[in-house]
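Have a look at the structure below before the remarks.
The values are calculated or read from the model by the stated rules, or taken from the named source; none is laboratory data. In this text, all values refer to a predicted model and were calculated from it rather than measured experimentally. Here Cβ is always computed from backbone atoms with ideal geometry, including for glycine, and neighbour counts include all displayed protein chains. Side chains included, ligands, DNA and RNA excluded: accessible areas come from the protein's heavy atoms. Shrake-Rupley method; radii C 1.70, N 1.55, O 1.52, S 1.80 Å.
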Amino acid sequence: MREFDYDLFVIGGGSGGVRAARLAASLGKRVAIAEEYRFGGTCVIRGCVPKKLFVYASQYREHFEDAAGFGWNVGPATMDWPQLIAAKDVEVARLERLYRGGLESNGAELLQTRAELVDAHTIRLVGSGKTVTAERVLIATGAAPNTHTALPGHELCITSNEAFDLTVLPRSILILGGGYIALEFANIFHGLGVEVTVVYRGKEILSRFDHDLRAGLHQAMTDKGIKILLTDVVEQVSRADDGELIARTMTGQTLSAEVILLALGREPNTKGLGLDVAGVQTDERGAIVVDAYSQTSIPSIYALGDVTDRVQLTPVAIHEAMCFIETVYKDNPSSPDHDLIPTAVFSQPEIGTVGLSEEAAAERYEEIEVYRAQFRPMKATLSGRSEKTIMKLVVDAATRKVVGAHILGHDAGEMAQLLGIPLKAGATKEDFDRTMAVHPTAAEELVTMYKPTYRIRNGERI
């Protein structure tokens, strides 16, 4: 039998790669993991973690305003952007140390270098030019923001990567895109006092989400003063003599902003990895094609996380990593379960969702029942805010199973995580109905909507 330098070589030090490397090393396997930037990947370094910290920071302006309705007198508030950036950097560095420490304590070898495939078992360490061999290779290089190089002037714009490290908080920002990343940043910068405009080619923001949540969030954002331009596309970006960026759109509009953020999706990080040389199959977007067990077209090479473009979420990458370990090293073939994944959009107000939207359910089932509640949250009665909370359950009329649950409102993400459990367990509407409410909470609406708001049969509302 051929002798290899390692049992497992992991390319990519994000959440999925780190979890797989750490677990394999804990089983006594000879493991190396290569990362060319920082351990922790997008989520820890320039994604979920700093994003959520920025969300918290951006909410304080409304908290200060709301306090007056509850008898508090809060003095003038100012935002110290450099202090926020410094605090974020400290937390990110702490988490990176934890990631590295977990790998090292289990015996994995950390390589701070870019790694590329030479063949099915050989990896080149680009920094040194050295090659090593491994019985199995796991690719977990994630995804990167689409820089939209076809856009004239794209080099003048930033992506979500740079948004976390701006030296100065801009006076105004133009955000291109209507997905969750675009909208989260739109709300973040607005909350920090920045003038925000969003341009999106679609007819409504957040495609593939339930239409009530899309419309509700749109209304809430515009009520706050965020400008949202739909069915339009920026075709050119240039810089004016005064340094301002100028964007010209398909419909002939001219928009100016201090910063332009490209939030036009993310692309699998596969360029220059040597996949073609090793014979690893990719799809038209460059994502690595894998089977149900994350194995590529080359038996010794596996891939997981965003680089496979299955579901681009950190917990999914971690779940896929654990399934990889079960399959390869524990003789327990485990296929990742991508069904009924709870999802949150950390907009303001938040979105939390799990399961099928009303539209998707109407296409799948002959008849569905829709239970919908819209109300002013209790906190708003004294704060004076006008935003509404929306809660919605979608039920398959034949089986009575709740196949979709959708929330727009405070702490919607937290509720979506818990809703994922009963939906995963196949709970029926009757299970929801016989669950006692917790009062007074917003979430009690989920168990007190006893009569359907309307039904949809064969695509027609009745």
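Annotations
- Meets criteria (farther than 19 Å from Ala21 by Cβ and in contact with a helix residue (DSSP H, G or I) (Cβ under 6 Å, 6 or more places away or on another chain)) for Pro342: yes
- Among the residues of the stretch 294-338, those that are within 20 Å of Ala143 (Cα to Cα) and touching a Phe, Trp or Tyr at 6+ places or on another chain (Cβ under 9 Å) comprise Ser294, Gln295, Thr296, Tyr302, Leu304, Phe324, Pro336.
- Among the strands (runs of 3 or more DSSP E) confined to the stretch 229-322, the ones with at least 1 residues that are among the small types (Gly, Ala, Ser) and farther than 28 Å from Val196 by Cα are located at 301-303.
- Qualifying positions in the stretch 389-440 - in a loop (DSSP other than H, G, I, E, B) and over 27 Å from the mean Cα position of the chain (by Cα): Ala397, Ala398, Thr399, Arg400, Arg434, Thr435, Met436, Ala437, Val438, His439, Pro440
- Within the stretch 26-41, the set of residues being crowded, with 24+ Cβ neighbours inside 10 Å and farther than 17 Å from Leu95 by Cα comprises Val31, Ile33, Ala34.
- Answer residue from the stretch 375-406, given it is without any contact (Cβ under 8 Å) to a residue 24 or more places away in the chain and open to solvent by 10 Å² or more (accessible area, probe 1.4 Å) and is nearest to Met449 (Cα to Cα) among those: Arg376
- Which listed residue is touching a residue at least 24 places away in the same chain (Cβ under 8 Å), under 22 Å from Asn187 (Cα atoms) and basic (Lys, Arg), from Lys51, Lys29: Lys51
- The listed residue being surrounded by fewer than 17 Cβ atoms within 10 Å (Cβ to Cβ) and modelled with pLDDT of 95 or more, out of Pro349, Pro333, Pro342: Pro333
- Unmet requirement for Pro440, which otherwise passes all of (1) modelled with pLDDT of 95 or more; (2) of a type outside the set (Val, Ile, Thr); (3) open to solvent by less than 70 Å² (accessible area, probe 1.4 Å): (3)
- Residues that are of a type in the set (Ser, Thr, Tyr) and modelled with pLDDT of 95 or more were ranked within the stretch 194-214; the one that is least open to solvent (accessible area, probe 1.4 Å) is Thr197.
- Verdict on Lys227 being within 30 Å of Pro76 (Cα to Cα), open to solvent by 40 Å² or more (accessible area, probe 1.4 Å), out of contact with any Phe, Trp or Tyr (no Cβ under 7 Å at 6 or more places or on another chain) and in contact (Cβ under 8 Å) with a residue 24 or more places away in the chain: yes
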